[in-house]
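Okay, so here's the structure we're looking at.
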């Protein structure tokens, strides 16, 4: 009988070879694996904030390319980091104690020109504390970007709400006044208060007008007749260069009535034909000019009578009912604007129809 003896070393080698063969044939790859670094978004570099009466709002743009320059079509999510430090204990050389991140859903990146933006409202802020923020983006759980630019601000109690806004309407001017703000929302005395006026034209959206004011008054000269304007005012306080904004006060609506007529038409002339008299004049230059009215007076009459009206941009009128050339006839022209009712200018000097 023959006996076959396998040495211990040969057995171990065979087992290792078998395991290696299984590993190579069972990895599941059909193509070369993609390195996660090729999917890492470039860092966000435009993180910014605006302070409100409730806290702050953070804004940033979606990254559009990876760190390697490849175009991105979607961001899976953002990770927002926040740190809170009491103003009196802040150390510029100490590490910032960022807490666990807040996950914010991402989305598709549009192919059209322009960049998609993300926003996040920050609440539950404590007075006399500094807040620090940074954000990461990622295309998957293994592909977070590097830190964005970091932003920070000091939060304090906002000013009280401006009260008793009133307006006085003049000729293409609106003057606003309101009670000065002298306290914060918690009732403590406020100083270094500034004001921002916001305006809405018709049914449009509110937009800030003018710069920050130190006095509770504002004169708006960028108005025109026939329009409705709505105003509101908020108070702001300056904390180490950050403007903490209070809530807007109650809106006040006013309507500007245009009482200014266009200029009187100049260089009125006439030309008689076999069947009519044509009247000519120079074009006006007012932005709200709507048209012209033509007047006729016979030689034996005291007052002229309006015989027609033409709309912009025409500066000619043909009087087909003019008397024959044996009767003296005189013409004058006025201009009118787009107001309702329209403002009409003085009539021009009369010229004879000849």
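The values are calculated or read from the model by the stated rules, or taken from the named source; none is laboratory data. Keep in mind that what you see is a predicted model, and the values were worked out from it rather than measured. Cβ: placed from backbone, ideal geometry, glycine included. Neighbour counts: every protein chain shown.
When you check residue 163 against the structure, is it buried (at least 17 other Cβ atoms within 10 Å of the Cβ) and either touching a strand residue (DSSP E or B) at 6+ places or on another chain (Cβ under 9 Å) or touching a residue at least 12 places away in the same chain (Cβ under 8 Å) (or both), yes or no?
Criteria not met by residue 163.
Restricting the first residue to segment 340-354 and requiring it to be under 21 Å from residue 226 (Cβ atoms), which pairs with a second residue that is loosely packed, with under 12 Cβ neighbours inside 10 Å meet a Cβ separation below 9 Å and a spacing of at least six or different chains?
As it stands, the answer is 343/259, since those pairs meet every condition given.
Within segment 79-102, is even one residue within 28 Å of the chain's Cα centre (by Cα) and at positive phi?
no
Consider residue 137 carefully, then state whether it is assigned to a strand (DSSP E or B), more than 30 Å from residue 233 (Cα to Cα), in contact (Cβ under 8 Å) with a residue 12 or more places away in the chain and not assigned by TED's automatic domain parsing to the domain that holds residue 246.
Here the answer is yes, as residue 137 does meet what is asked.
Filtering segment 115-125 down to residues that are touching a strand residue (DSSP E or B) at 6+ places or on another chain (Cβ under 6 Å) and in a loop (DSSP other than H, G, I, E, B), which residue is surrounded by the fewest Cβ atoms within 10 Å (Cβ to Cβ)?
115
Looking only at segment 207-231, how many residues end up being more than 28 Å from residue 337 (Cα to Cα), modelled with pLDDT under 95 and not in a strand (DSSP E or B)?
Total satisfying the criteria: 0.
Specify the residue that is surrounded by the fewest Cβ atoms within 10 Å (Cβ to Cβ); the eligible residues are those in segment 126-142 that are farther than 14 Å from residue 103 by Cα and touching a helix residue (DSSP H, G or I) at 6+ places or on another chain (Cβ under 8 Å).
Per the stated criteria, the residue is 142.
Within the set of pairs 6 or more residues apart or between chains, which connect a residue that is without any contact (Cβ under 8 Å) to a residue 12 or more places away in the chain inside segment 252-281 to a residue that is in a strand (DSSP E or B) with Cβ atoms less than 6 Å apart?
271/278
Inspect segment 180-187 for any residue being within 30 Å of residue 343 (Cβ to Cβ), outside any loop (DSSP other than H, G, I, E, B) and either in contact with a helix residue (DSSP H, G or I) (Cβ under 7 Å, 6 or more places away or on another chain) or not assigned by TED's automatic domain parsing to the domain that holds residue 289 (or both) and give the result as yes or no.
no
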